[in-house]
1. Can you give me the number of residues within the stretch 121-174 that are in a helix (DSSP H, G or I) and of a type in the set (Phe, Trp, Tyr)?
2. Of all residues being part of a strand (DSSP E or B) and not aromatic (Phe, Trp, Tyr) in the stretch 175-215, which is surrounded by the most Cβ atoms within 10 Å (Cβ to Cβ)? Just the residue, please.
3. So which residues in the stretch 450-470 are at pLDDT below 75 and over 23 Å from residue 245 (Cα atoms), if there are any at all?
4. Which numbered condition in (1) in contact with a helix residue (DSSP H, G or I) (Cβ under 9 Å, 6 or more places away or on another chain); (2) at pLDDT below 75; (3) assigned to a helix (DSSP H, G or I) is the only one that residue 473 fails?
5. Of the residues 299, 292, only one is within 26 Å of the chain's Cα centre (by Cα) and surrounded by fewer than 20 Cβ atoms within 10 Å (Cβ to Cβ); which?
6. Among (1) under 14 Å from residue 201 (Cβ atoms); (2) part of a helix (DSSP H, G or I), there is one condition residue 331 misses while meeting the rest; what is its number?
7. Quick one: count up the residues across the stretch 334-365 that are in a loop (DSSP other than H, G, I, E, B) and either free of Cβ contacts under 8 Å to residues at least 12 places away in the same chain or closer than 15 Å to residue 305 by Cβ (or both).
Amino acid sequence: MKVLFFHRNSESLGIEYLSAALKKAGHQTELMFDPGSGDVEYKFKTLDRFFDVSRKMVERAKVYAPDLIAFSCITNLYPWASKMSALLKEALPYTPIIVGGLHPTILPDFVISNPNIDMICLGEGEEAIVELANSIDKGIVDYSIGNIWFKKERKVIKNHLRPLIQELDNLAFPDKDLFRKYGCFSSRVYVMTGRGCPYMCTYCFNSYYRRQFSLKDSHYVRRRSVENVVEELKVFKDKYKLKEVFFYDDIFTIDAEWIKNFCSSYKQKIGLPFKVLVHPQAVKKEIMAMLVDAGCIYVDMGIESGSEELRRRLLKRYMTNDDIINAGATLKEVGIKFCTLNIVGFPGETREEMLKTYELNKVLRPNGAIVSIFYPFPQTELADYSLKNGYLDSADYQKVCSGQGTGYKESSLLKNIEIKEALHLQIIIPICVRMPLFFKPLLEKIPVNAFTRIVSIFFLSIPRNTYIRVKESITMFFKSQLVYALCQK
Ligand code: SF4
């Protein structure tokens, strides 16, 4: 049978894994992709109006005539998924629509109440979607498939949660061809060597997932074998003429023994430059030295806040500032460039606390710094804290649940936040940490406006990384438009 995925704005590893599982089971898959003019982050709404491809995607969907339509949806993609589901329901009223991914997993009752969505998939979907496709193919829908909630005769059937997939090596390699034709990546691929994170930060979905899915006899943090990862990379390296790899694991540097085996095999068989994500407490000199030797050229490191007290009290991040400074020094010593990930505007965060984030970055002198405004993602501990302590009212929490307010123009949904200071730091931190100290007094006076915001984007990350991202976004935008233009004829 034919499954048609819809996605927007960037490549989705989740969809690539689902598509690979379906193809392995003998089904056909296709993707309708909306480049979205980068709007999830920057909201270029004018561009979006001119280059809106929604209607073209629906027309192409009608020609493809799928047996099942599927979305994989994070919170800020939900407004778009909801809009597309309505258009698709009108055009293809008899084709069932399923939505999986993070958002329906954390808010299943909310998402299933959408009149245009027929089913949702909670948690990991590879096994569930194959069972669903098999049953639709046979003409008798099985309404008891684990992880899937169905609408049937005005009732919702809520099936049990499956344990997390423990043997990740059994999964088919992600189907990257789906996104390749839309120009979503060129010479760099995103790869995951495992699933799950050992930490419990209060603003992150991982703590909720861990509570939901860590069942007896199953592990939350899982990793593929080194052989399996390297085999996948060999395939992609030949197929896509790769120049670089981005390992997208939440924290790459856990498990020293695994890293040791990985580095020796990767260096010998792949040998491409790569990037990983690290946690300051998982930056150990021996491990980082092995990674450099294998080709690691840069890392992203979450520091989030420069206030030790705030990190401990609100975020459950228990490292000291010295730990973070030592991690930065280790990275410099072994020769890895790094970009810090920061958040400002936490519930109740004072101006002085925000400035500590700036101060810590000034000490670290990273090669790039990304600063986000805190967003209370649904079902996280920090969203609950914001609600209970009057930083978020229930009307605004409803906005959060429907995925609104994740763009910068919305500022912050929280009350009593020094939002002006947060927006100012969002611009000056990336610029100031990269400029000579001499310019700082001048740069700190930069005003907040559309121009300075665009300028700061070019300072966000390491120059090479920024260059690749901008190049990929432009290619993705024009290639996708071309795909729809050619199909119209
Ligand atoms: S370390 Fe990162 S991925 Fe892990 S729980 Fe914290 S924020 Fe989430």
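1. Residues of the stretch 121-174 in a helix (DSSP H, G or I): 126-138, 168-170.
Filter again for of a type in the set (Phe, Trp, Tyr), leaving none.
Selection size over the stretch 121-174: 0.
2. The initial filter retains those residues of the stretch 175-215 that are part of a strand (DSSP E or B), namely 188-191, 194-195.
With not aromatic (Phe, Trp, Tyr) added as a condition, the list becomes 188-189, 191, 194-195.
On the way: 188: 20, 189: 26, 191: 19, 194: 19, 195: 19.
Filtering first and then ranking leaves 189.
3. Scanning the stretch 450-470 gives 450, 453, 454, 455, 456.
4. Condition not satisfied by residue 473: (2).
5. Every option except 292 fails the conditions.
6. Against the list (1) under 14 Å from residue 201 (Cβ atoms); (2) part of a helix (DSSP H, G or I), residue 331 comes up short only on (1).
7. Of the residues in that region, 6 qualify.
Let's see how each residue does on (1) under 22 Å from residue 6 (Cα atoms); (2) out of contact with any helix residue (DSSP H, G or I) (no Cβ under 9 Å at 6 or more places or on another chain):
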residue	(1), (2)
148	yes, no
151	yes, no
155	no, yes
161	no, no
188	no, no
194	no, no
208	no, no
222	no, no
225	no, no
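The values are calculated or read from the model by the stated rules, or taken from the named source; none is laboratory data. Just so you know, these numbers come straight off a predicted model, no measurement behind them. Positions of Cβ are backbone-derived with ideal geometry, glycine not excepted, and every protein chain shown enters the neighbour counts.
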